[in-house]
Structure formats: C-alpha cells, structure tokens
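The values are calculated or read from the model by the stated rules, or taken from the named source; none is laboratory data. Keep in mind the model is a prediction, meaning the values are calculated, not measured. Quick reminder, even Gly has a Cβ in these numbers, built from the backbone with ideal geometry, and neighbours come from all protein chains shown. Only protein heavy atoms, including side chains, enter the accessible area calculation; ligands, DNA and RNA are left aside. Shrake-Rupley method; radii C 1.70, N 1.55, O 1.52, S 1.80 Å.
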Amino acid sequence: MAEDGLRTGGLSSGLAVILNGGDKRESSSKSHLVSYCDEFGHQSVERTLEHIFDLPYKSISPLNGPVDTNLIRAIIKNDFLRFYINPDDLGSNRDGVYIDKSSGSNTVAIEESSICGDIRIIKPPLLLESLGMFSSARANVCVWKGKWMYEVILETSGIQQLGWATLSCPFTDHKGVGDADDSYAFDGKRVSKWNKEAETYGQSWVVGDVIGCCIDLDNDEISFYRNGMSLGVAFHGIRKMGAGVGYYPAISLSQGERCELNFGGRPFKYPIEGFLSLQAPPSANSLATCLLRCLSRLVEMQCMERAEFNSVEKLRRLKRFVPLEELFNPVSRGIYKEFFALLDAERGSMEYVGWGSLLSFMMEVFGMQAPHDYTSLDKVLDLLLEFQGSNLILEQVINALSCSCKTASLVLTECPYTGPYSYLALACHMLRREELMLLWWKSSDFELSFEGFLSCKSPNKQDLQCMMPSVWWPGSCEDVSYESNMMLTTTALSGAVSKIEEKHRDLCRLVMQFIPPTMPLQLPGSVFRTFLQNLLLKNRGADRNVPPPGVSSNSVIVSLYTVILHFLSEGFAVGDNCGWMKGCGINAGSDVGFLHRGGQQTFPMGLFLKSDPHRSDISRLGGSFSHLSKSHPVTDQEAEVVRWEEGCMDDEETRVTHLTRQHPCCCSSYDVDFTRVSKDPIRYTAKGSRGHCSTSPETSAQVAAECSAGTLNDEIADKPSSSDQSEPEFDYRPVQHMRIVPRESNFSTATLREEELLDAMLLLYHIGLAPSFKQASHYMSHQSQSISLLEETDKQIRDRAYGEQLKHLKEARSIYREEVIDCVRHCTWYRISLFSRWKQRGMYAACMWSVQLLLVLSKMDSIFCYIPEFYVEALVDCFHVLRKSDPPFVPSAILIKQGLASFVTFVVTHFNDPRISSADLRDLLLQSISVLVQYKEFLAAFESNIVATQRMPKALLSAFDNRSWIPVTNILLRLCKGSGFGSSKHGESSSSSFVFQKLLREACIVDDELFSAFLNRLFNYLSWTMTEFSVSVREMQEKHRVLEFQQRKCSVIFDLSCNLARVLEFCTREIPQAFLTGADTNLRRLTELVVFILNHITSAADAEFFDLSLRRHGQYPEKVNRGMILSPLAGIILNLLDASAQTECKAQNDVVGVFASMDCLDTVHCGFQYLLEYNWAGSFRGDTYLAKLAQLEQFSSLLISQTRSWEVESTACDGETDGDDVVCCICYACEADARFVPCSHTSCFGCITRHLLNCQRCFFCNATVAEVVRMDGKTA
C-alpha cells in the first residue's frame, strides 16, 4: 500500500484500526490490526503507531515487549525524529533585521529611551497605555530589507497612529509616527494614512481589531491589514535604508488609548503569507507542534471508535472498533513527556506554544461548533495535568482563550457558533475543574482575562456589510427576496448572540460558585463580588465626555450588565447550585427571578451609606459623599433593612403588581400576543423615531419638544430670571406597609446578595448601556430622516425630473440610499444585541423595582440624600428606551398603566425637589414630563395620577425660571393646546387636556403671587426670543445668505416664540381678569408685546427670505409659516375682547384705549391690517373663522376711531398745560404720580411697578427700594 494514498475519514487508506476479537491462528488476547483495504488481513500494532506518528509503512521494527511510555519515547527519539523535518531548516531567511541587545535580551520590546510622553506597560509583555496627551515610542528592532510584520490588538478604538519610522523621526507632544519624512502610519479612528500629511485610507477600526503592519522592503511598500483583510498598499516608493539603520516599528497614542503589540513573541492572529515576524519563533515550536499533531491523530482514532456510524464503517463495512485504552494512555504520556522536555529546554517556548499549537490542538479536539467532544478533551486534560509543567502552559492557554474572545468576529456563515462562542465554551468546560479555576484565580492577570472573556467585538460598517449582505425595509424598492434574506440573517445573528450570552452566564456562574482556599474561609460569590467592585472602581468617570485612562471596553460593561440582568430577571437556572445567593426578602431563594417576585420587597440601606472605594466618589442626590457624611451623618443605620410591599406607593384602584390579578407588562400574557404581532422586527424600522404612539399631528412641535429642547441651551444663551421658587413640601402620600427592621442575625455580610447585583447592574447600565442606547437612538432617528429624503427624491424623479436636474437627483438618491442601508444595518444590529425580548422584560421589571425603591426612600430624608444619582439617571433612561424601542415592548397605552404608574409619581414629585442638589438631574426629570405629555396615551396616565393632578400645575408655574423655562413651556403648551385661535385645523382639541387646563386655571387664581411671577417671566422670555429671532434674521439678510447654524437657531427660537405666545394666549382666555382688572401693567406689557411681535413679522424686507429662515432642512411651507405666531396674537386680542364683553367685567381696563395709547400708532394699524389680510383658510376647518375676523376688523375700526379722537383732543389741548415737570421721564406718556422710598425719585406708578417685577432697586440711583408711595400719600 502506498503511504500517501487517498485518505478516508481522516486516515490514510493503508492504515489499520484496532478491532475486537481474538486471533484464530494465535491463541492471544491482544488486539489486532486490519487494513482498510477490501481484503481483511491481520496487522500488528506497529502499523497503528506508524499512523499516529505519521511514519512510513513498516518503519517501526516488530515490538518484543509491551507498549509503555518508555517505548513511545524511544520511538519518538529513534524513529520519529529520523523522519522529522524542521521547517526552519528549509530556509526562512531572516537577514535584514537587527535587534538591539543592549539590555542583555534577545527579545523585541519597546525601547524605553525612545518614549516621548507617558506610556506604561499595564500587562506584560506589551499591553501599553498612554497616560499623556500624545505619547510615542519605538521598538528595539529595525529592518532594512526583506518582508516583515507585527500585529497590534486594539484595546481602545480612539486616535492611534501605528506604523514604521526611522531614527530621524522626531517624537514630540504633538508629533508622532507619520508626522515626518521616513515615517508612515495608519489611524483607523480618522480612517487616514499619515506621512507628514493625512490622506483617506482603510476602514474605521473597533475595539478588538487586529491590525497587521507590514513592510515590504523588496518592493519598497508599506501596507496594513485589518483582521487579516488587506486595506491595500498604503505607501509606495519608501526610501531604502542601509544595514542597521532601517525602519523601526513605532506607535503614537492619544491619552487613554491602549493596544497590545505582538512582534512575534506569540503566534500571529492573522499571519500574512510571505511576511516574517520581527521576533523569531522559538526553535522548539515546530517539533512541539508535530508532537501535538501525533496526539491529535490518536484522539481522532478514539473518536472514531466511539461513533455509532462513521465513514469507515459505511465505506468498508468493517466491524466496530475496540477501545484504545491499551494504547491511548502510554502513547499520550510518552508524547507529553517529550513535549514538556522540549519546552523546558528552551526559555520562552512555553508561552508561544501555549498560545499557538496547544490552543489549536485543544480547539480541534473540543470542536469549534456544537456538539463538542467533552469526553476527548477531558481525557487530554487528565493526562496533561499529570505533568509538572502543565499549570504554566495551561495558564497561557487560558490567557490565549481570553484574548481570542476579544478579537473574534461574528461570521454569518458560521452562525450560531461564531465569534467568541467556541473559545468561551472551551474555557467554561476547562474551568469546571477546580484545579484550573484555582490556577486562573491565582494568576496575576485574572481580572484582565476575565474582562477578555466578557468582551464581544462590535462590527464596523464593513463588518455589517458582510454580516447582512441583503438589506430591506418597508417601502423599499429593493429586490423582494431581500426581505426574507434579511429575516433569515436576523434570526441567525440573534441565535449567535444568544449562544455567546449563554456562555457568558456560564462563566460568571462558575466564578460565583468558586470558593477560594483562603483563610478565613470565604463564601461563594466573594470572588465575583471582588471582580465586580474592582471593575466599577476602575471605570469611575467612564460616563464623562473624555473618560480617564484605564476604563474597560464598553462591550465588557454591556456583557456583565446582560449577565446580571438575566440572573435577576430570569433566575440563575442552576438548581440548588446557587442556593447560597441571598436576598433579604421573604421570597428570596424562590425559582422566580428576583425582579419578578413581588410581595414584600427589601433593600439594605448599607449599600448607600458605606464609603466603599468604588462608590465613595459617586455623586449622590444630596451632593458628594464626603459632604453628606458631615452635613447629614447617619447613626447606626447601616445595619438596617427597609421593607415595603410592592405597589404601596400606587393608588389602590389602579395598583398593578406581580401579585394582583392583572400582572405588570413584564409578566402579563399580553406580551406573548404582542410578540406574535411583532414577529418581523425589520418592519418597524421604516419611520424610526416617528414612534408607535398615536401622537398629535403637530410633528414639528413634537420634534422641538423631544429633540431640540434639550440642546437649545448649547446654542443660545438663556435670559436670566428674577425668581426661583420651588415647592418645599414633598409629603404627597403616606407610605403604606413600609417599615425599617434590623438585619437578621444570621445574614452574613460576606454573602453576595441579589440587591448588590441590582445596585451594580444600575451602575453598569449608567456607564455602559446608556451610551449604547443613545447611539442606537441616533441611528434610528437618522434612518427615519434618510428614508423620508429618499422617498421625496424618488417622488421628484417620478414627477418632474429631466436633463441635468435628473442627473443631480439620481446622485442624491444614491447617497440617500447608501445612508438608509447603513442605518438599517446598524439599527438591526442594535435590535439583535440590545433589544431582545427577555432584556426588555428585565429592564421593565428593573424600572418597577427602582422607582418603588426611590419613592419609599424619598420619605426618609436621612437616606434619600445618599442615593446615588445613577439610580435616577438609569431609571429615566431605561424607561425612555422601553418607550421608544422598535419594535415596541408593549403598546404605549399600557406601558405606564400596567406597572409603571409610579414613574409618573416620581418624576412629578421630584423634578423640583430641593433635596436633589444636581440641577441637571432635576432637568432630566422635567424633560421626561415634557416628552411624555406630547403623547395622548401618556398624558392620560398623568391625568389619572392623583399626585400629578395635585402637584404638577403649581410646580410647573414655580419651575418656569431661567433654567427650566424651555421644557416647562413645552409642557404647558401640550396641556393647553387645542383651545387657541387657529388650532382646530389639525384636530388638536381632541387631544387637549381639559383636566390640566382647569387645574392650571385654579392654581393661577388661588396663588396670585405665583401667577404674577410666572406672567412676568413669560413676558420677559417672549420679548427676548423675538428679539433674538429678529437679530438673527437681520444678520442673515445683511450677509445675503442663510447659514445652516443660523437657520437652525432661527427655527428653534421661532418655535419657542410660538409656544410662549400660545401659553400667553391660554392665560388671556382662562385668567382674563389678570389683564382687565386692577392696575393696567399686565395689559400694557401684553399690548407692547403684541405690537412688538407684529412689527417684527410685518417689517421684514424680503418676505421669501424671512420664510426661508424659519424652515429647517426637509420642512415644508405648510408646516412652518408666519401663521404659527400670528394665530396666538389674534387669539390674545380676541380673548380680551370676549372677556371685556362679559357683564361681570364692567370695571375693567380699556383694551382699545391701551392699544391706542401706543406711541407707534402706524405700526399698530399696519400690524392689524396684516392680521386681517392674512390667509387664515389654511389654519381652520370650514369658515368658522370669518366671525372671528369680523370681530378683529371691528376692533381695528374702534382702534382707528379712538386714535383719531385722541389726536383731536391732543390738538385742542396743545399749549394749555406745562407738563414737563409732572410727566414720567421713563415712558413720557403718563404723569409721575409715585416716588421711591427712601431716595424720593419719582416716576409713573406703571413704570415703577413693572421695574420692581425684576429688580428691587431704584432705576435712577440704584438704592434699595423700601416702599413706593403714591403722590396722594397712599403706599403702593
């Protein structure tokens, strides 16, 4: 038989297999060998050994004794090595490389003298981090001919310049690799290549990418690879260097950036054919690899005999194999002895072989995909652990598995067993052995490698293209088959993510169950707690705009959060193995997930009151921990546990808990039905942020409320306010069924509690999940906009495209289509990785749990101020993520009603709570109200909430100050909408809140001082916004162009002006007596504002330019026009006229007279004429507005008549009086009938009253005003 004949089932056709049965010709019980040929002949065991060691046929002489370890070692030394050919002897030419050995080592490393800035090694040998603003360094090796490479594993994905440089390249605080001649670099953050100047090159990189830096000095080229894929030749014609003065590997890192360099001390992740490593591999590696291949063939033979049906049996119809026990152990031990002897003889080979051939061998035995061969791996490990050097090399294998988890990418064709799954599965199986878990825990890199196992690489744009080759969205013109392909792709990737998450949970469960052999004896969970605390400590400041150095990868945070969420929501799913996991509640330890148990809830307040290192600098609701410990010291409350009944903070009539007949959304049967409706997740991508709620049709107002309001403060400066009133009382509801009890005496503080995990999970959400959800929201919003632009472009192409215009439209369509496809891919990935059904269920339950806890503790001032701010931030963010999830978790109508009514109670109660020291946090709660009331389903939840109806109207009026006036305006507008002039066109009255309109009216009437302060600020803000708007429009007119930023600013300010005017219109309708009775100050200020706005609207020199400045990109004239501001102005006048006509308002201020008293009478008449001539048909249904216009026309006639009458009287009175001494020097219109005390300066009572609304000092001498005295002696 030929030795190199065809192979069947992995074995050559001439090889033998062991069969059961005795030899009929020999009375022996030994196993015999039979050829795979059709003829059956008995062969000796020598042929089997020849197969195992891949030796020529009959190269092993007949054996005279038993097969033992010594025999196998002899075969290896005498026979195997005789035929072994070392690949290094075949001629890998390493000429052209020089390693500086001045340090006494032949190892390639960073040359310390070359470091500029601050670079530290955070994990040997070459895991680097920059602590300086911009740090650079070179290696101690250079090349001048040949083809060479090194690899960089990215630990962060910011600005890094990786490449090659000569010694002449200067490193400074601002210049690094690629910033000089003979210096070349690639930066995937900026997607550029650098050689003095930057040029676009390559792809954007992500954490976990492996960047191959290759230099070909034979062809004078430098190229880069990303995960083994070429990015193309970056630089041609690089300068040739002489021997010993060539190109050095060099890197430059911005602050906080981390990467791990591999010059060849470990096997490359993605070796590039033809390129050599700068560090030569150990000489023992080749022979060690061959020995492991021999062992692999032995394992393969044993696997075949276990198989019920294998290819050999099918093809050759042979008998079943007998066990190989007689050969397996001696052969394996012999190979292992030679293997370890080989590694012991060469320093450094243990790491290289452990990361390379041994890891590959174990992965081959275990299997990359399920079902895994646990039996074979266990036999391999059992024998391996018998040897003294096994611990050292298995530690390297564990570290290599951890690194592989960081760098593994998802591949669609390998789903669901793709990405880091295989490495995680192997690690979990290995770490089930107590000795290996102990080995891992004792290693110095335990926590870093644990983070590596929890890593899951995120895809970039090109990765997503490979993962989702076909893209479809509702309404798209793509191929019909793309829809089904997209669904299959989504299902496959979802399965892969699910498998990886399952292995993450298995690994964390193993760590939780591990009990380290230390004194004093620790309880289960202590190792996991320590890891969790250290990770949180390490990631302090990760939520800042510029995180500090050393923070973990976001994927680690997300994975750990996901693990804990599953444990708390779905349970640990390990039977009694986690019986030690304790909560404080009566239901602790039950099979139901912690977040879904219901009934009595408990929380140890010591979590807030301890000054743990990982929590001490976390901001609390009342300020910093150090400040609170001095101002609000606690007395022995750390040993206390607060208890309450689930739902005790809700109304009994509407209470929904896990124990009531109607369950919360997270546990109700409804979500099963809803899942059936939402079986196609892609269908919800079409309109993105247009939402699943049935919202009011005023889309631009919703966008302003939800998107623009939060960013306006960054664009324009807020106008200061004169007052800051807040509600001091927060005893909105007696706490029911709440008590504080001492912690049970048998409760060990060393036991990992579920409440601890919840606390950590909320912090992980805050620093890791919130940014991810924000990014997902960005892509969903951008997808909606891109689809709208694509649809509009298609419409224009169909309607009126021709010639050059058609060409431009097609180019624009191509751009929009690419943007849509990219957004759809990103949105789909975020749905797969973040929005799976069980995660939404857990998030909902976590919201319920958190808000109940916050409401209970809000009754305890001494504890409430110690609550970390991230509890509130995570609660609010998590709620809105569920609200906007696509596809939706549940219909918006029941999101709050069926479990989260307490959320409404909390935001309403605490958005102006003075105990919350952070104004940003109070703004966050106010923004939540602003967003929620835009949707009628959520507005109904506010109307049915007792706390909201009792507190919100007065609290909103109090919060209308210089910081919060924008969200308060949006809230008031939504509560009052539907009742103004011109608002019936879109059916707004059907969605108005008559409940809150009545409550607001009552609050204004009951508290006159509060309403006066509110009205004063309302006048101030409306005057300021219109002034800002007018100035901005004038600037653009003078420059004869519309800049994008200025246009956006104009649009935002105009929207705000319209909203403020609508609120003012509501005040004139509901509280007209504030303008018509008493002093005419409010009426005069209102009149001045109306005239001021009309003047700005009607005096624009270029009407078309004016209208253009109002609209953002994509908005239509019918949505944004002058009618938006003119309607509330007309409504204000009509409201005052209607109120004046009522019989009970006879003793009132004269509206016509006040308008007629304005100095700019021509402007007043012009403005009213513009109101009458404006096309109101577009703002009303039918012709009901005609009667209102007739009323306005009548008022205009009265105004003209009054003006003429006064002009006649003024002419008749000219020269009869000498009024200069008694006329107010401020307005020059009224008599100076009041004076300040004590300074005695005089002015008219109206001017003084208006001035004192905002300032308590005399406007002449700046003296503090004690009182104002009328000239008739009365005190004002």
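Miscellaneous remarks
- Options Glu819, Glu811; residue that is open to solvent by 30 Å² or more (accessible area, probe 1.4 Å), in a helix (DSSP H, G or I) and either polar (S, T, N, Q) or touching a residue at least 24 places away in the same chain (Cβ under 8 Å) (or both): Glu819
- Within this structure, Gly176 fails the test of being open to solvent by less than 40 Å² (accessible area, probe 1.4 Å), of a type outside the set (Lys, Arg) and over 24 Å from Gly246 (Cα atoms).
- Residue in segment 401-445 that is least open to solvent (accessible area, probe 1.4 Å), counting only those that are within 30 Å of the chain's Cα centre (by Cα) and over 18 Å from Glu501 (Cα atoms): Asp445
- Yes/no for Gly1178 being part of a helix (DSSP H, G or I), modelled with pLDDT under 80 and open to solvent by 40 Å² or more (accessible area, probe 1.4 Å): yes
- Of all residues in segment 103-129, those satisfying the criterion of being open to solvent by 90 Å² or more (accessible area, probe 1.4 Å) and either without any contact (Cβ under 8 Å) to a residue 12 or more places away in the chain or under 39 Å from the mean Cα position of the chain (by Cα) (or both) are Glu112, Ser113, Arg120, Ile121, Pro124.
- Picking from residues in segment 461-473 that are in contact with a Phe, Trp or Tyr (Cβ under 7 Å, 6 or more places away or on another chain) and not aliphatic (A, V, I, L, M), the one that is surrounded by the fewest Cβ atoms within 10 Å (Cβ to Cβ) is Ser470.
- In segment 529-569, of all residues being assigned to a loop (DSSP other than H, G, I, E, B) and basic (Lys, Arg), the one that is surrounded by the most Cβ atoms within 10 Å (Cβ to Cβ) corresponds to Arg540.
- Criterion: of a type in the set (Asp, Glu), at negative phi and not assigned by the TED database to the domain that holds Gly228 - qualifying residue of Asp79, Asp179, Asp187: Asp79
- Under the condition of being of a type in the set (Asp, Glu) and surrounded by 12 or more Cβ atoms within 10 Å (Cβ to Cβ), the residues counted in segment 779-808 number 3.
- Checked against (1) under 22 Å from Thr969 (Cα atoms); (2) β-branched (Val, Ile, Thr); (3) surrounded by fewer than 21 Cβ atoms within 10 Å (Cβ to Cβ), Val933 passes all but condition (3).
- Residue within segment 1033-1052 that is surrounded by 18 or more Cβ atoms within 10 Å (Cβ to Cβ) and at pLDDT 85 or above present: yes
- Any hit, segment 1040-1059, residues being over 37 Å from the mean Cα position of the chain (by Cα) and either assigned to a helix (DSSP H, G or I) or of a type in the set (A, V, I, L, M, F, W, C) (or both): no
- Strands (runs of 3 or more DSSP E) fully within segment 181-240 that include at least 1 residues being open to solvent by 60 Å² or more (accessible area, probe 1.4 Å): 197-200, 229-236.
- Residue within segment 64-84 that is in contact with a helix residue (DSSP H, G or I) (Cβ under 9 Å, 6 or more places away or on another chain), assigned to a loop (DSSP other than H, G, I, E, B) and acidic (Asp, Glu) present: yes
- Scanning segment 399-421 for residues that are in contact (Cβ under 8 Å) with a residue 40 or more places away in the chain and more than 20 Å from Val207 (Cβ to Cβ) turns up Leu412, Glu414, Cys415, Pro416, Tyr417.
- Just one residue in the set Val876, Val904 is more than 24 Å from Gln775 (Cβ to Cβ), without any contact (Cβ under 8 Å) to a residue 60 or more places away in the chain and either of a type in the set (A, V, I, L, M, F, W, C) or open to solvent by 10 Å² or more (accessible area, probe 1.4 Å) (or both); that residue is Val904.
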